[in-house]
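Read the structure below first, then the notes.
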């Protein structure tokens, strides 16, 4: 049975400390980083013998996608670029940590993305974390492209992770049909991982114009956030205190 793991707990604690004014909403967003399903879901589906392991997982995936869509709706309706910036910053760090850990588990066990759905509980969790976090990242980048690009474009490790994640997901068969069939392709084009087709259009870009009324507004928010982060780094350095040099310690 899929269970909530330690990575999501750490992300939730980090998020609540960083954005106290949006504590309840941040909890909802960050709990999705583990992208796990209600504990009874898998058992109920198994009892009903609803097809193969992969077919069962596809049904669970649809349930999780609804939860993710609700969290994104709340984030958009927040309608505060500074808070959105902070929440997405925390979310992406947690998301890619989960993705990195899950990739390591799957590679170590030599789990092929186009093979049978894994039966081992640890491998099931890793598989679902990769698929669901990759999908969720696609949702975020398509709805908040400017904010995501600000972080993603300067992080080569994240770039490598999501390239691997997209490749893995493309081979699973989970995204072959249904409402998510175009998600991986749109995400890859938006991120510059694959070449944009002449007809490429971010389907959510028009919906986002009200949240970014001008480039000046967005740049101002970025500057304010960078200033806040520099202040936090300085405070951390002050807490560490002065270090005793080697020459002083020898006296």
For residue 55 paired with residue 177, estimate the spin-label separation in nm (one decimal), with each label point 7 Å from Cα along the Cα-to-Cβ line. 1.1 nm
In what order do 132, 100 fall by count of nearby beta-carbon atoms within 10 Å, going from fewest to most? 100, 132
Any idea what the relative contact order of the stretch 52-185 is, in percent, if you count C-alpha pairs under 8 Å spaced at least 6 apart? 28 percent
Spatial separation of Cα centroids for the stretch 127-173 and the stretch 80-111, in angstrom: 9 Å
Roughly speaking, what is the stretch gain from residue 100 to residue 193, that is 0.36 nm per residue apart minus the C-alpha to C-alpha distance, in nm to one decimal? 31.7 nm
How far, in nm, would the chain grow between residue 62 and residue 205 when pulled straight, counting 0.36 nm per residue and subtracting the alpha carbon separation? 49.1 nm
Take the alpha-carbon positions of the stretch 88-190, form their convex hull, and give its projected area averaged over all directions (one quarter of the hull surface) in nm². 6.3 nm²
Quick calc, residue 231 & residue 163: beta-carbon distance into FRET formula, R0 45 Å, rounding 0.05, result 0.85
Pseudo-spin-label distance residue 107 to residue 80, built 7 Å along Cα→Cβ, given in nm, is 3.9 nm
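We did not get these values from a lab; they are worked out from the coordinates using the rules stated. No experiment lies behind these values; they were computed from the predicted model shown. When we count neighbours, we look across all protein chains shown, and the Cβ atoms used for this are built from the backbone with ideal geometry, even at glycine.
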